[in-house]
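Report on the following structure.
The values are calculated or read from the model by the stated rules, or taken from the named source; none is laboratory data. Bear in mind that the values here come from a model prediction, so they are computed numbers and not experimental data. Cβ atoms come from the backbone with ideal geometry, glycine included; neighbour counts cover every protein chain shown. Accessible surface areas use protein heavy atoms only, side chains included; no ligands, DNA or RNA. Shrake-Rupley method; radii C 1.70, N 1.55, O 1.52, S 1.80 Å.
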Amino acid sequence: MCGIIGYAGKSPCQNILLSGLYALEYRGYDSAGIALLDNERFTIIKSRGEVSRLEEKMKAFQASESTLGIAHTRWATHGEPGERNAHPHKMGKTALVHNGIIENYKEAEPILAEKCYTFCSDTDTERAAGLIDLYYRETGDPLAAISRACKKLRGSYAFAVMFEDRENEIYGVRLGSPLLIGVGDGESLLASDTAAFPAHIDRYIAMEDGSISRIFRDGFQLFDMSLAKIKANEQPLTQISRGAHKDGYEHFMRKEIHEEPAAVLKTLAAYIKNGLPDFSASGVDTSILKQLSSLHIAACGTAMHAGLFAKFLIEKFLRIPVFAEVASEFRYNEPIFDGNTALLVISQSGETADTLAALRLAKERGIYSIAVVNVPCSSIAREADAVIYTHAGREVSVASTKAYTVQTALLSLFALHLGSLRGSISQKEAQKICFSLSRELPEKIDEVIAREDEVRALCHSISQKESAFFIGRGVDAHICAEGALKLKEISYINAQAYPAGELKHGTISLISNDFPVIAVSTQLCSAEKTAANVREVASRGADVYLIAPADFPQDGAKRVFALPKAAEPLLPILAATVTQLLAYHTALLRGCNVDKPRNLAKSVTVE
Ligand code: F6R
């Protein structure tokens with residue numbers, strides 16, 4: 001998704017801004033641009049495509065000594081991804097970069113047209129720049145102009161704004177999309193993500209929602225929307241929040257899959273004491289957990305698949321209904337918050353706009369909220385009543401892998417915690433599963449990863465097809481949903497997940513020898529039924545790739561990946577790692593850009 005970086009300081013900032021843009025590339029974007037202010041004149045350079053193209057284009061200009069500038073990577077929402085729509089946008093004396101969406105931008109058009117502003121792009125951003133510029137013309141006061149414009153604009157956004165006649169300062173606005181201030185010695189920065197800050201910046205402030213900042217060489221000020229000064233909460237910049245490196249791996253995705261064992265170990269260690277689950281560090285209110293008569297879960301994409309996995313386990317352990325809903329639909333389906341309920345949101349980034357909106361809705365209704373989040377101090381982490389952190393470390397690859405594996409492991413532990421709190425699981429059983437999750441699981445994931453060549457061998461034939469089914473039953477159906485998402489997002493194979501028994505109610509008509517089927521079977525209770533479904537599709541010509549324990553029925557399967565011997569609750573998580581490797585190697589064989597699939601963004605901060 002879009003990325004912002006701004007610099008006000010003592011050093012020429014062109015390269016600082018460019019490095020910031022490179023660090024933000026992982027978020028996904030389709031154009032980039034920069035505005036530098038020198039002698040009360042903007043130099044604005046934009047380019048379609050990669051940041052390297054922008055850098056190339058900048059070489060045609062004289063190297064700038066400017067110490068004040070803003071830059072942006074754009075992921076198109078309004079208008080095609082071309083140069084004319086790339087940010088920064090300039091209107092009058094105002095240059096602006098923007099993350100997020102302004103829903104009522106059309107309302108600004110007649111106001112601006114009446115004042116003789118003309119538009120050069122299709123973007124909502126340009127209209128916002130126009131409105132700020134108009135009010136700046138009228139008031140001569142940047143803060144008043146920004147606050148007045150923001151009161152007119154509806155949506156969810158973050159801005160970095162410069163004015164041509166203000167050589168020393170940049171303004172930031174946070175209203176729904178994250179914006180951070182980097183604090184340095186004789187310099188201040190604005191960024192949408194800590195990754196964009198240079199290595200020597202060791203402190204930052206996450207701007208509060210509904211706040212405006214003014215940053216300059218010697219510091220910064222923070223205001224609320226009525227321009228009253230507000231206090232800043234400075235935080236140290238930790239290693240995890242910094243830019244990431246591939247450490248010798250060809251792709252971040254592969255590196256992150258290889259990090260899964262360590263990430264699971266670290267995360268679970270934080271929530272186990274004396275061999276039993278202990279979530280006191282998260283601040284979750286145990287008395288609320290004990291009283292729950294139902295639970296709602298909201299999340300998006302891969303995190304939602306972890307949510308469905310959690311639903312399965314919580315319903316199994318607690319025998320209470322769990323309603324899992326993709327966050328973008330949550331509010332439109334008018335959730336019924338009956339009895340003693342709570343909302344669990346799951347998010348790697350902690351910034352996903354739809355998930356945040358679901359959380360806010362629940363909070364408005366007075367519903368207790370728990371967030372499972374990977375990024376400390378992210379919006380969701382700050383707004384939820386209690387936060388259970390996954391300690392997965394930074395995830396750069398657009399396709400989420402280690403975050404998902406850690407989420408499923410942690411949610412298994414959380415479900416166990418709920419079960420033992422409410423007495424539906426005995427202490428002895430809880431101890432046993434706890435041991436399996438924390439000790440056995442990381443080792444077994446390691447075993448799966450060590451057999452990566454075996455997974456790669458399955459991929460040659462799959463990579464030559466354009467469609468695939470993933471089939472499984474019960475909890476395996478959720479693993480299939482994630483496996484299919486991974487395969488389609490990075491290899492562009494049209495992979496669909498189906499509950500294994502559902503195929504014959506229609507979709508089996510698609511089966512042919514051009515339609516491979518990946519079957520996941522990890523649970524003894526459904527092994528025979530899934531085996532029958534494997535035979536059904538194999539006898540209609542499909543090549544079946546079975547992921548299952550070695551002693552499960554295998555007839556009908558063309559190839560089998562035998563899961564390591566492990567306790568049954570661990571097997572679905574191990575199968576998930578196999579499907580991640582399968583997606584990775586299939587995409588590689590198809591020559592796809594694994595870490596940056598087309599049209600996608602790492603952090604989806606628009607609804
Ligand atoms: C797919 C993927 C996405 C994210 C989704 C939610 O590989 O990564 O489906 O899971 O956009 O993101 P978070 O977890 O950051 O809320």
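For segment 27-70, chymotrypsin sites (Phe, Trp or Tyr not before Pro) are listed when DSSP marks them as loop and at most 13 other Cβ atoms sit within 10 Å of their Cβ; the list is PHE61. Computed in the context of the full set of protein chains, the accessible area of the chain at 1.4 Å probe radius has 48% of its extent on carbon or sulfur. Separation of segment 99-177 from segment 396-455 is 48 Å, based on Cα centroids.
The percentage of C-alpha pairs in segment 325-374 whose separation is greater than 15 Å is 39%.
Here the dipole of segment 434-583 is about 260 debye; that uses its Cα centre as origin and unit charges on the Cβ of Lys and Arg (positive) and Asp and Glu (negative).
Based on the Cβ-Cβ distance of LYS106 and GLU234, what FRET efficiency does E = 1/(1 + (r/R0)^6) give at R0 = 35 Å, to the nearest 0.05? For LYS106 and GLU234, the calculated efficiency is 0.35. By DSSP, the beta bridges lying fully in the chain are antiparallel in about 65 percent of cases. When only the Cβ of Lys, Arg, Asp and Glu is charged (+1, +1, -1, -1), the dipole of the chain relative to its Cα centre reaches about 560 debye.
Axis angle, to the nearest 10 degrees, between helix 475-491 and the longest C-alpha principal axis of the chain: 50 degrees. Note on the chain: Kirkwood hydrodynamic radius from all Cα pairs is 25.4 Å, rounded to one decimal. Scattering from segment 143-224 was approximated by placing one identical point on each alpha carbon and applying the Debye formula without solvent; log10 I(q)/I(0) at 0.10, 0.19 1/Å stands at -0.22, -0.79.
Within the straight-line cut-off of under 15 Å between alpha carbons, the aspartates and glutamates reachable from LYS255 are ASP247, GLU395, ASP446, GLU452, ASP595, sequence neighbours fewer than 8 places apart in one chain being disregarded.
For the chain, the solvent-accessible area works out to 38 Å² per residue, with a probe of 1.4 Å and every protein chain left in place. Once the Cα atoms are used to define both axes, helix 571-589 deviates from the longest principal axis of the chain by about 60 degrees. Round to the nearest 10 and give me the degree value, 0 to 90, for the angle of helix 353-364's Cα axis relative to the longest principal axis of the chain. Roughly 90 degrees between the two axes.
Each 5 Å bin from zero holds the following percent of Cα-Cα pairs in segment 402-534: 2, 9, 14, 18, 20, 16, 10, 7, 4, 1, 0.
Starting from the coordinates of the alpha-carbon atoms of segment 499-582, obtain the Kirkwood hydrodynamic radius over all distinct pairs and give the value in Å to one decimal.
12.9 Å is the Kirkwood radius here.
Here the label points at LYS59 and SER461, each 7 Å from Cα along the C-beta direction, are separated by 4.8 nm in the simple model.
Would you calculate the convex hull of the Cα atoms in segment 427-474 and tell me its volume per residue in Å³?
96 Å³
Quick one: what do you get for segment 71-166 if you divide its Cα Rg by 2.2 N^0.38 Å?
Values: Rg = 12.1 Å, N = 96, 2.2 N^0.38 = 12.5 Å.
Against the empirical 2.2 N^0.38 Å value, I get 0.97 for segment 71-166.
With a threshold of 21 Å on the Cα-Cα distance, the over-threshold entries among LYS152/LYS363; LYS273/LYS402; LYS273/LYS428; LYS246/LYS444; LYS246/LYS465; LYS529/LYS558 are LYS152/LYS363; LYS273/LYS402; LYS246/LYS444; LYS246/LYS465. Distance between the modelled labels on GLU502 and LYS290, one decimal in nanometres: 3.9 nm (7 Å Cα→Cβ projection).
Assign one of three labels to segment 182-332, namely rounded, prolate or oblate, based on the Cα gyration tensor with a ≥ b ≥ c the square roots of its eigenvalues; rounded applies when a/c is under 1.5, prolate when it is not and a/b is larger than b/c, and oblate otherwise.
Prolate is the answer for segment 182-332, as a/c is 1.5 or above and a/b outweighs b/c.
Over segment 283-373, the reciprocal of the mean inverse Cα-Cα separation, the Kirkwood hydrodynamic radius, stands at 12.9 Å. For the chain, averaging the sequence separation of C-alpha pairs within contact (under 8 Å, six or more residues apart) and dividing by the residue count gives a relative contact order of 12 percent. The lysine pair count for segment 1-127, using Cα distances under 29 Å and pairs eight or more places apart or on different chains, is 20.
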